[in-house]
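Every read-out reported here was derived from the displayed coordinates using simple, explicitly stated rules and does not represent laboratory data. Being a predicted model, the structure only gives us computed values, none of them experimental. Cβ placement follows ideal geometry from the backbone for every residue including glycine, while neighbour counts extend to all protein chains displayed.
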Amino acid sequence: MELTTAHIIDYKNESCIELKAGGYLAMIAPGIGSNVIRLRDEAHDIEIFRYDPKLSMDELKQSAEVYGLPSLYLPNRLNGGVLKASDHTYHLPVNEVDLGNAIHGFLHKRQHSVVDVIAEETKAIAKTEYLYDENDDFYQYLPIKFKVEYTFTLSEDGLNYEQTFTNLSQVQMPFGVCTHTTMMGPFTSDGKPEDMRLYVPIGERWKLNDRCLPTTDIIPLDNHDRQYITGSQVPVKQIINNDVYYAVEGDMDGKPFYGAVATDLDSGKEIRYEVCKDYKFWVLWNEWGEKGYFCPEPMSWMIDAPNLPLAPEDSGYAELAPGESKTMTQHIYTKA
């Protein structure tokens, strides 16, 4: 029986958490926002997230959004950096200067604290957290104290991931999260890009303007869109540039399935990615299709949700009241 282990290791002069269980390997970097910088099914030669062993930690930190499993607060773009909450309007720095938006928030680049690293008989567990308060440089723009706690559980069932946000302030906390999930394509050492396929159960498509912001118009699905539904979409070697949809429940093995599946046609190997239904939207993107990866990004609110003239049930906009907590969950595993 393979040994289950959980350790803090030195990885390129950075403290990282290494978990091994059930034939999987996971590496989590607290210093890069608790990013899962590597997730590998070692028994079946499946490199799940985008990983480059030649990359230095400084390079990884500079490109934290496009490697591993980066968790974003706040997700995607805000028009002009404006964030309209129910009790206040916040003005965040514009860091996507060419389009005039605030993008990706700040949490994925912060140094998080390690709370616990545990090896049990059949699973390995890591817990990290981050306290956001006046000590964070971003607090001058968003003065809302909160804590976020992360739990990573690795077993023969793959990786279960939880993040819990708690509003520690006395005001309403805008609550929108996403993971900028980067999947390898191909994900096996001998795989071919043309053999990659992606299944994502999608609903209606949102139209974006030339600043990548929603117009609030819904556009009919065309053949390209329907390829996600049939599982025939090729997610690399063609441009997928911000395909944005409502998430819906699909079917996998005759059972309800809410997530995305990447398949290698030649080997039949799969990466299955399930998310909780609080993730109401999908953004699909692959940085022009030639980088060997693609991003099925689950989001709890729509791009620019706080500023859209829509009801919260349509935009996904949400808030946490003082003292309120919210937990989001994901499950990533393989099938060979």
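The residue list 317, 68, 44 was ranked by how far each Cα lies along the charge dipole of the chain toward its positive end, using unit charges on Cβ atoms, and 317 comes out on top.
If R0 equals 22 Å, the separation of the Cβ atoms of residue 216 and residue 277 corresponds to a calculated FRET efficiency of about 0.45. Here the Gaussian network model covers the chain, with springs between Cα atoms less than 10 Å apart; of 198, 55, 284, 55 fluctuates the most.
Separation of the alpha carbons by more than 18 angstrom is noted, of 237/291; 192/237; 84/280, for 84/280. Charge dipole of segment 5-335 (Cα centre as origin; +1 on each Lys and Arg Cβ, -1 on each Asp and Glu Cβ, all else neutral): 200 debye, rounded to the nearest 20.
Expressed in nm to one decimal, what extension gain is obtained for the pair residue 135 and residue 116 from 0.36 nm per residue of sequence separation less their Cα-Cα distance?
Details: separation 19, 0.36 × 19 = 6.84 nm, distance 2.32 nm.
4.5 nm is the gain from fully extending residue 135 to residue 116.
Based on other C-beta atoms within 10 Å, arrange 178, 295, 276, 212 from fewest to most.
Values: 178 26, 295 21, 276 15, 212 18.
Least crowded to most crowded, the residues run 276, 212, 295, 178.
I need 152, 138 ordered by Cβ neighbour count within 10 Å, fewest first. Please list the in-between numbers first.
Details: 152 24, 138 14.
The order, fewest Cβ neighbours first, is 138, 152.
The modelled label-to-label distance for the pair residue 94/residue 239, using points 7 Å beyond Cα in the direction of Cβ, is 2.4 nm. A straight chain from residue 325 to residue 10 at 0.36 nm per residue would run longer than the Cα-Cα distance by 110.1 nm.
Ranked from largest, the principal axis spans of the Cα set of the chain equal 55, 47, 37 Å.
Would you mind ranking 171, 177 so that the residue whose beta carbon has the fewest other beta carbons within 10 Å leads the list? Kindly include the intermediate steps, with their values, before the conclusion.
Working: 171 16, 177 23.
So the residues, fewest neighbours to most, are 171, 177.
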